[in-house]
Structures are given as structure tokens and as C-alpha cells.
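The next block holds one structure in the form of C-alpha cells; read it before the comments.
The values are calculated or read from the model by the stated rules, or taken from the named source; none is laboratory data. Because the structure is predicted, anything quoted here is derived from the model rather than measured. Every residue, glycine among them, receives a Cβ derived from its backbone with ideal geometry; neighbour counts consider all protein chains shown.
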Amino acid sequence: MRFFLIVATLIGAALLGGCTTAYPPQDPATYKALIAPYRLDSGDRLRVIVFGQADLTNSYTIDQAGYISMPLIGAVAARGRSTQEMEGDIAAKLRKGFVRNPDVSVEVDRYRPFFIMGEVASAGQYPYVNGMTAQTAVAIAGGFTPRAQRADVDVTRQVNGKVTTVRLLPTQPIYPGDTVNVRERFF
């Protein structure tokens, strides 16, 4: 009898152990990239302010090649860069014979959209809102269907130039350009 109790306990522990979910990213490099400052990409619209230069102050959309085009200085690389890096590049280009001491500010005016699919009421493409979590993304898509796995979601994003899929808790952030997949639960 004692033997059967030990075997039943071991089988139960093995079954319960198979039900646990290790929340990626386990890789420290991937996690570090996920919490890094926001990196610009195609579809983002930037508000560039050059103080004292009304003709240069405007909104610019990052094109498919990853550039914005400004008067006087032409194309400025934006893909994969932060807004602070953009400020420095624009100021440096303006210093080369156009503006003596440029004071430049760059901010994201509109983020590129995110995508959501799977077990949500209305899958599709939606505008990104700053500070969005996986839970708010699901709410924007009309909420979970009755068959949805609600404990976590799969998020596919580009990290360091490669496409990565991670499993996130509902309270963890998503970013512009992410594809959120709400999986179907097993029972």
C-alpha cells in the first residue's frame, strides 16, 4: 500500500510539474533588450522641433527604408535609434552650415500599430497607446473569447534585428509593432 502511495505521489508531482509555465524570456540578453529604451522603426511619426526655426519644426513619418526627410539636411536615419540619438544627428547635420547653434527636440508623435490575433473578440491592427500592457491590448480587441488562455499571451517582436517570440503575463508591456497572440486553452 505504501508503495502505491509513493508511486501515486510521484506521478501527481510529474503531472503538475508539466502544467507549470516558465515565463520567457529566460535568456538575459533577450530580457535586457525588452526593457531597453524604445527604438524607432518604419511607421512611427516623429515631432521634430528646432527651436527658433519654424520652417524646420514639423512632424515626419519614418519611411519603409527607415529614414525621415527634413528640409536642408535631407535624409536622416531613424530605424533602430532612440529619440535622443535622433536629436544629436539632426543637430550635427544642421551645424554643418545651416544653423549656428541648433537646439533640437525629437519626440514620438504617433507610434506604429500593434497587431493582435487568436482568442480575442476582434483580432486585427490597432493604434498603439503609450504604456500599453498585454491586458490593455486584449481589452482594445474586445476582450477574451470563452476559449482563451487568460494567464499569459505570446508576443512576437523584433529584438536586436531578429524576430523573437516571448510569453508575457497580462501586466507586462507590449511595444509598437508587436504581434500579440492569445492562445486557446486546453480545458
> Conditions: (1) outside the structural domain of residue 50 (by TED's automatic domain parsing); (2) in contact (Cβ under 8 Å) with a residue 60 or more places away in the chain. Residue 106 meets all but one. Number of the miss?
Replying inline: (1)
>> For segment 56-76, which positions are assigned to a strand (DSSP E or B) and either assigned by TED's automatic domain parsing to the domain that holds residue 127 or within 20 Å of the chain's Cα centre (by Cα) (or both)?
In response: 61, 67
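Please go through segment 73-110 and give me each residue that is basic (Lys, Arg), more than 24 Å from residue 130 (Cα to Cα) and surrounded by fewer than 17 Cβ atoms within 10 Å (Cβ to Cβ), ordered by number. Let's see the steps before the verdict.
First, pick out the residues of segment 73-110 that are basic (Lys, Arg): 79, 81, 93, 95-96, 100, 110.
Checking which are more than 24 Å from residue 130 (Cα to Cα) leaves us with 93, 95-96, 100.
Of everything in segment 73-110, those that are basic (Lys, Arg), more than 24 Å from residue 130 (Cα to Cα) and surrounded by fewer than 17 Cβ atoms within 10 Å (Cβ to Cβ) turn out to be 95, 96, 100.
Residues 26, 53: which one is in a loop (DSSP other than H, G, I, E, B) and modelled with pLDDT under 60? Give the derivation first.
On the way: 53 fails: modelled with pLDDT under 60.
Only one candidate passes the filter, namely 26.
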